[in-house]
Structures are given as structure tokens and as C-alpha cells.
Amino acid sequence: MDPIIQSFLSGFPLLMAHSATTFLILIIGVRVYMLVTPHDELALIRAGNTAAGLSLGGAIIGIAIPLAFVLAFSVSVLDIVLWGVVTLVLQLVAFFVVDRMLKNMSGRIEDGDMASAVLLVSVKLTTAAINAAAVSG
């Protein structure tokens, strides 16, 4: 059999397992994030609250960036799960740090305060970048 085809056949199942695990962690991570924040992001977004959309979008990207690096440098599904959970926890910590710093971040998001949302997204993306570098070695 052609070595390229053999390589694909042996690597494809691993790729699918790693990708599926990473997407599952992303989905769970976003859901956990939405459960621990005091405001209802989806309801606010449906009502046209741009600050909530920006905040949730930043959370999704902030969780996805380090997960992408975890996926790139992982050696197993367990590796992805362990480091994925760590990066998720660090993103939650970032939210709570900004919440404490600005006092009532959820209320600010509910009120559509874009300045607070931009700061929150900046902290989320900064945390994501640092986490991504840390997990990749």
C-alpha cells in the first residue's frame, strides 16, 4: 500500500479523536462559563446587547486559543482533557479578576457597557495567549 495512504489511514482516527475531544471541551467550557457568570449571555444577546455578544465572543475565543495549542502539542486524549480543563479554569479566573477589579462586571454587561466588555475581552485574550504559550512549552 502507498505510504501516504497508509499514513492517512493510521493517523485519521487519531486526528478525529483529538479534534472531537477538543471541540467537546470547548463546548463544555463555554457552557460552564455561561453557567458561572451571573448574567444570561444568550438572553442579552437575543435582546441586542452588544456588550454581552462581545463578552461571550471573547470567552469563546479565549477558551479556543489555548485549546488549539493543547491540541497541537498533545500526545493523547487524556493530555488534551487535562490541559484543556486547566486552561478553562484560568479563563474563569480571568473573568472573576476583572469582575472584582471593576465591581459588578455582570451588571455592566447587562447595561451594555462596551468599555467594560472591551476590557474584559482584552483580559480574556491576553490570558488565552499566555496560556497557549505556557501549554505549548
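Overview of values
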quantity	calculated
Per-region count, the stretch 26-37, residues more than 15 Å from Ala117 (Cβ to Cβ) and over 9 Å from the mean Cα position of the chain (by Cα)	6
Any pair with Cβ under 8 angstrom, 6 or more apart, that starts in the stretch 68-86 at a residue that is surrounded by fewer than 20 Cβ atoms within 10 Å (Cβ to Cβ) and ends at one that is at pLDDT below 90 and outside any helix (DSSP H, G or I)	Phe73/Gly137
Candidates Ile45, Ile4 - the one that is closer than 28 Å to Phe69 by Cβ, surrounded by 12 or more Cβ atoms within 10 Å (Cβ to Cβ) and free of Cβ contacts under 8 Å to residues at least 24 places away in the same chain	Ile45
Condition met for Ser55 (part of a helix (DSSP H, G or I), more than 17 Å from Leu88 (Cβ to Cβ), over 10 Å from the mean Cα position of the chain (by Cα) and among the small types (Gly, Ala, Ser))	no
Tally of residues being of a type in the set (D, E, K, R), in a helix (DSSP H, G or I) and surrounded by 15 or more Cβ atoms within 10 Å (Cβ to Cβ) across the stretch 92-126	4
Only listed residue being in a helix (DSSP H, G or I) and either basic (Lys, Arg) or modelled with pLDDT of 95 or more (or both), chosen from Ile5, Ile63, Ile80, Ile27	Ile27
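The values are calculated or read from the model by the stated rules, or taken from the named source; none is laboratory data. In this text the structure is predicted, and so the values were computed from the model without any measurement. Note that each Cβ is placed from the backbone with ideal geometry, even for glycine, and that neighbours are counted across all protein chains shown.
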